[in-house]
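One structure is given below, represented as structure tokens, and several questions about it will come after.
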Amino acid sequence: MIRPLVAVLDDKHISNGCSNCFVCEEDQDDSIPCLIPCKTCKILQYCSQKCMEEDWDMFHKYECSFFLSKSPKIVPGFMRICMRLIFYGRSYPSSLEWNAIKGLKSHLSEIMSSEKKEEIWMLSKGIQNFTNEPNEILVLDLLCKIMVNSFSLLTSSYDIIGTAIDPTISRMDHSCYPNATLVFERNKIALRSLQKISMDQEITISYINVNNTQKSRQDELLSRYYFLCKCIRCKFPEKVESYLVLRNCMSTETFSHLEMLINKAFSEKNINIMRALSMLHRLKGWDAVLYPLNELHKLALIYFLDENRIYNAFCHALFIHLIGNRVFNKYMVDFNPIYVIQKFLLIKLIIFQASENYETQFKQINAKDMMLYVYKLLYDVIKLSYKSHGSSSRFSKRLKKTFEKTGEDISVYDWGRCWQSRLKDDPENLQIKKECLRIEDNFLSEVKEYIEICIINNKFQ
């Protein structure tokens, strides 16, 4: 595991996260300690005196007075990460890391010829004024390098909490069929394999959402990273792109209207999600569980969680689990961290539904079935997490705690103790499999009824 060279929390998390180890409210693996503000600027927060001292010695002593002068306003993260890079370069001008940063591509000429020119130029002037950096080109170059080479700082549950840059990570090439992925452990990054990697094989990661269409992927890579991908998925899209199949199954006019709704749903994330879902679910003769339907269900899941409409969110999570993620996809593995995290979200929703007696909203599902199923699902997901995050990761430990707590909850019932005993003796027990399939069938019936009602009403209520 490595620590990124420079990383900062975003504006949303700077007040509720540690600016050194990056523990924050979204990181629920451990109890969050009472944060300590910087004694001078009061802007940055720390989980301990040790973290405060480490960050002060490395970076904050250079920027604290500037933050104080701008208080209570927060200096934008893009500006903060660039300033810290400048401070690093001054402190370690001959280091391998700084030389590696200088060697990264900036695409300065392309960016300064685009509509981003004015914004970058304004930021560079502000950074120059505070850091007393006389070299305008250096600041512009660093800002452009951050735009092209930075990556999101994530929790172990893949919640975005900031931005980071590191020459080792930034030099890894992109593929829409990556053989590795990044997993975060507070302020450390681990590289986890998604495929068997041979000695002479290049390690690749994905810079973007690989579930997007080939056109969307190419457009995003070209506009943000200034290259066209030539991986196997981009070379032969007709073999794997469900969107191309979709386009061939309807008239040009119908497809154009649907594409407009889908694009609006992805960009605006509002009622267009429901309209696009409704239209897609009406289609006949198309394997509609592939992109973009599955991605729209993910958007709907997030939308309803934000609206605190748990039943709706639960139905979309079930669709993704029972249908969307079970479609054969040679470009994904079941231990992909994103898949594992999606399963854990479903687990939390099932536990919540059962514990709050929400089963009264269902016709064929009861709390007992929910708890039986979720206990087995937790058992399976823990094993997947060993591959996705590592057996000693905080995420895996969190899953184990949830498994133990769920075991305690069901052990007060005879059926719960019997289920635990069967699972312990033989996880592949035929009776366990049959019971899980029965429960899944009931889940699926509920989801299909939910979708049918939504289609009839042409909206998701």
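FYI, it's all coordinate maths here, none of it is from the lab. Just so it is clear, the structure is predicted and the values come from calculations on it, not from any experiment. Methodologically, a virtual Cβ is constructed for each residue, glycine included, from the backbone with ideal geometry; neighbour enumeration extends over all protein chains shown.
What does the highest-first list of 56-62, 421-427, 310-316 look like by mean Cβ count within 10 Å?
310-316, 56-62, 421-427
Based on Cβ point charges of +1 for Lys and Arg and -1 for Asp and Glu, what charge dipole magnitude is obtained for the chain about its Cα centre, in debye rounded to the nearest 20?
Magnitude of the dipole: close to 380 debye.
How big is D for the range 336-430, in µm² s⁻¹ as a whole number, if Stokes-Einstein is applied with the Kirkwood radius of its Cα pairs at 10 °C and 1.306 mPa s?
Answer, rounded: 115 µm²/s.
Do the sum for the chain: with -39,500 (n - 2.57) for every DSSP H run of n ≥ 4, divided by all residues, what is the mean residue ellipticity at 222 nm, to the nearest 500 deg cm²/dmol?
After summing the helix terms and dividing by the residues of the chain, the value is -17000 deg cm²/dmol.
Which listed residue (Phe227, Ala190, Thr204) has the Cα farthest towards the positive end of the charge dipole for the range 188-238, taking +1 on Lys and Arg C-beta and -1 on Asp and Glu C-beta about the Cα centre?
Ala190
Based on the mean of other beta carbon atoms within 10 Å per residue, what is the order of 206-217, 221-232, most packed first?
206-217, 221-232
For the chain, just the Cα atoms, rotate onto the principal axes and tell me the three extents in Å, largest first.
Reported extents, whole Å, longest axis first: 70, 57, 49.
Hey, rough spin-label estimate for Ile302 and Glu449, points 7 angstrom out along Cα→Cβ, what's it come to in nanometres?
It works out to 3.1 nm between the two label points.
Mind jotting down the distance between the C-alpha centroids of the range 1-18 and the range 69-98, whole Å?
The distance from the Cα centre of the range 69-98 to that of the range 1-18 comes to 13 Å.
For Lys125, list the lysines whose Cα falls under 22 Å from its own Cα; do not include residues on the same chain fewer than 8 positions away.
Cross-link targets: Lys61, Lys70, Lys73, Lys102, Lys105, Lys116, Lys117, Lys145.
Then there is this: What spacing in nm lies between the two simple spin-label points modelled at Arg224 and Lys12, each 7 Å away from Cα in the Cβ direction?
Simple spin-label model gives 1.5 nm for this pair.
Using the alpha-carbon atoms, what tilt in degrees (0 to 90, nearest 10) does helix 293-306 show relative to the longest principal axis of the chain?
On a 0 to 90 degree scale, this one is about 80.
About its Cα centre, how strong a charge dipole does the range 107-204 have in debye, to the nearest 20, once Lys and Arg get +1 and Asp and Glu get -1 at the Cβ?
320
Next up: For Lys188, go through the lysines and keep the ones whose alpha-carbon is under 20 Å away, minus same-chain ones fewer than eight residues off.
Answer for Lys188, where 20 Å is the Cα cut-off: Lys50, Lys387, Lys397, listed by chain and number.
Please give every one of the lysines within straight-line cross-link reach of Lys434, meaning a C-alpha to C-alpha distance under 24 Å, and leave out same-chain neighbours fewer than 8 residues apart.
Here the lysines satisfying the reach criterion relative to Lys434 are Lys343, Lys348, Lys363, Lys368, Lys376, Lys383, Lys424, Lys448.
Here's another thing I want to ask about it. Output the 0 to 90 degree angle, nearest 10, between the alpha-carbon long axis of helix 271-282 and the longest principal axis computed from the alpha carbons of the chain.
Helix 271-282 sits at roughly 40 degrees to that axis.
Same structure, new question: Indicate, rounded to the nearest 5 percent, the antiparallel portion of the DSSP beta bridges found entirely in the chain.
85
Once the Cα atoms of helix 252-268 and of the chain are each reduced to a long axis, what angle between those two axes, in degrees from 0 to 90 to the nearest 10, is obtained?
60
Could you please state, rounded to a whole Å, how far the C-alpha centre of the range 344-414 is from the C-alpha centre of the range 431-452?
Measuring centre to centre over Cα atoms gives 16 Å.
What length, rounded to one decimal in nm, is gained on full extension from Gln195 through to Trp415, with 0.36 nm per residue of separation minus their alpha-carbon distance?
Between Gln195 and Trp415, full extension yields 75.3 nm more.
Given R₀ = 30 Å, what would the calculated FRET efficiency be for Met122 paired with Met332, taking r from the Cβ atoms and rounding to 0.05?
0.15
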